[in-house]
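Report on one structure; see the data block that follows.
What follows draws every value from the coordinates through simple rules; no lab data is involved. Remember, predicted model here, so these are calculated numbers, not experimental data. Don't worry about glycine lacking a Cβ; one is built from the backbone with ideal geometry, like all the others, and counts go over all protein chains shown.
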Number of protein chains: 2
Amino acid sequence: QLKAFIIEQLQGPSTQLLDGVHVTITAGPTREPIDPVRYISNHSSGKMGFALAHAAAQQGANVTLIAGPVDLATPPGVQRIDVESAQDMLDTALAQAADIFIGCAAVADYRVADVADHKMKKTANTGAPTLKLIENPDILKTIAAQTKPPMCVGFAAETRDVEAYALDKLKRKKLALIVANDVSNTAIGFNSDDNAVVVLSEDDRVVFEQQSKQMLAQQLIHHIATHYHKHFRK
Amino acid sequence: QLKAFIIEQLQGPSTQLLDGVHVTITAGPTREPIDPVRYISNHSSGKMGFALAHAAAQQGANVTLIAGPVDLATPPGVQRIDVESAQDMLDTALAQAADIFIGCAAVADYRVADVADHKMKKTANTGAPTLKLIENPDILKTIAAQTKPPMCVGFAAETRDVEAYALDKLKRKKLALIVANDVSNTAIGFNSDDNAVVVLSEDDRVVFEQQSKQMLAQQLIHHIATHYHKHFRK
């Protein structure tokens, strides 16, 4: 696989793996408002998703990048749509006609049930509030459950039992591939520039060693494109 | 006042208003963990606090900038200390021997009572969780309540009754000055580059019109320095 990848790279732009393929990628965190000044969010720099968007565009794909609040430049050749909440992200994702959908965003599982119109005030009497949460829609699951779904690729960022959780997520959400990521290792987590992952499908398990997110993104896009041409291309 | 300021600016670096004065400034949001991947935070770019740090350093102050998670470059001549939570920010602030303390950070009023060691999992049975919050220490109030407190300057970011809340905060926390900011106006809020404020003390009320945060910071530092020399300089 590595050999094929190196040959691929050396052959240069003549072999575009995703020519004419529409790839939608979500990246970064979402923000769920508590009131006009407070919110709940997740640790996510968006670097991995942006690197994937860049790598997919380099392979000739027509890339839509749906980005939560991050401080990153849009990769060349990529159409970017900025969103805030999980619901915004889902609505935007459903509006795309994708062949491949890569859910790389760290979507908030929960939002606040009753969002306050004005800033909550501390008062001596009321004490600390309790936040009632409600479950957000599951973006990947919703996309994968469409009548003609794209090939869906998920990410599982976990702090323990990483591959077990990932495999469960793959099956439960009917994904083609899942990228499992141990975020308890700070060298490869959230805001770091490196990553190391294991990609699982129903049939195989491929390990990608620690390297820059840019390099890893190129290898992942190669892996995803290969899977797409083998199993999904009409 | 404006005339004095313009003369001041034209006279150049010969008139350094804060020579040898130690100014500590907090800036940006804080992040309060829910579990290893989730947190509660506030909208705050940190731009206003960083601009104040820059302006204070330009006036010869010895500036310590205590910054929550923001994507901003450290202004020249400023000593920066990065922190995450409100408790981190307070501990760091208490360790400084400041003459003037400017609390510009959007500190989380609440943190989560029981922070989970591992990522909370969605399961079919348990339903959406409820987050029990507890009150964070009040940084400005704690600094101002020290036996030999620095001159304390607060910020009040409000969405309604802005000046009334600000004046209450000034008295309750025993501040010298409070900078009142209507964040319901998106042209001058959170992530915008402009700001417009009203600065209140026990005795006066000074309006600063909408302008860039850099320009406003220079005017505010001038106002703060004037107040310091009039009321606090030993």
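Observations on the model:
- Residue by residue, segment B:155-167 carries 3J(HN,Hα) couplings of 10, 10, 9, 10, 9, 7, 6, 4, 6, 5, 4, 5, 5 Hz when phi is fed to the Karplus relation 6.51 cos²θ - 1.76 cosθ + 1.60 (θ = phi - 60°); x denotes Gly or Pro.
- Chain B: most fluctuating residue of B:Ala113, B:Ala55, B:Ala157 per GNM, C-alpha cutoff 10 Å: B:Ala113
- Label-to-label distance, nm, for residues given as B:Lys3 and B:Asp88 (7 Å Cα→Cβ offset): 4.9
- With its label point put 7 Å out from Cα toward Cβ, A:Pro33 sits 2.9 nm from the same residue's point in the other copies, in order from shortest.
- Mean Cβ neighbour count within 10 Å, used as a protection proxy, ranking A:71-81, A:213-223 highest first: A:213-223, A:71-81
- Per-residue HN-Hα couplings for segment A:105-111 [Karplus 6.51, -1.76, 1.60; θ = phi - 60°; Hz; x = Gly/Pro]: 5, 8, 6, 5, 5, 10, 10
- Normalised by the number of residues in chain A, the mean separation of alpha-carbon contacts (under 8 Å, six or more apart) gives a relative contact order of 19 percent.
- Annotation for A:Gln87, label-to-label distances across the other copies: 3.4 nm (shortest first, one decimal, point 7 Å from Cα along Cα→Cβ).
- Pseudo-label separations to other copies for B:Gln214 - Cα-to-Cβ vector, 7 Å, nm: 2.9
- Residues B:Ala116 and B:Asp168, FRET efficiency given R0 of 45 Å [Cβ-Cβ distance, rounded to 0.05]: 0.80
- Shielding by partners for peptide A:154-163, expressed as the average number of C-beta atoms from other protein chains within 10 Å of each residue's C-beta, is 2.
- Folded to 0 to 90 degrees: helix B:213-231 orientation relative to chain B principal axis, Cα: 70
- Of A:Lys132/B:Lys148; B:Lys174/B:Lys213; A:Lys121/A:Lys213; A:Lys230/B:Lys119; A:Lys119/B:Lys3, those spanning more than 32 Å from alpha-carbon to alpha-carbon: A:Lys132/B:Lys148; A:Lys121/A:Lys213; A:Lys230/B:Lys119; A:Lys119/B:Lys3
- Packing rank of B:84-93, B:102-111, A:89-98, B:39-48, where each peptide gets the mean count of other beta carbons within 10 Å, highest leading: B:102-111, B:39-48, B:84-93, A:89-98
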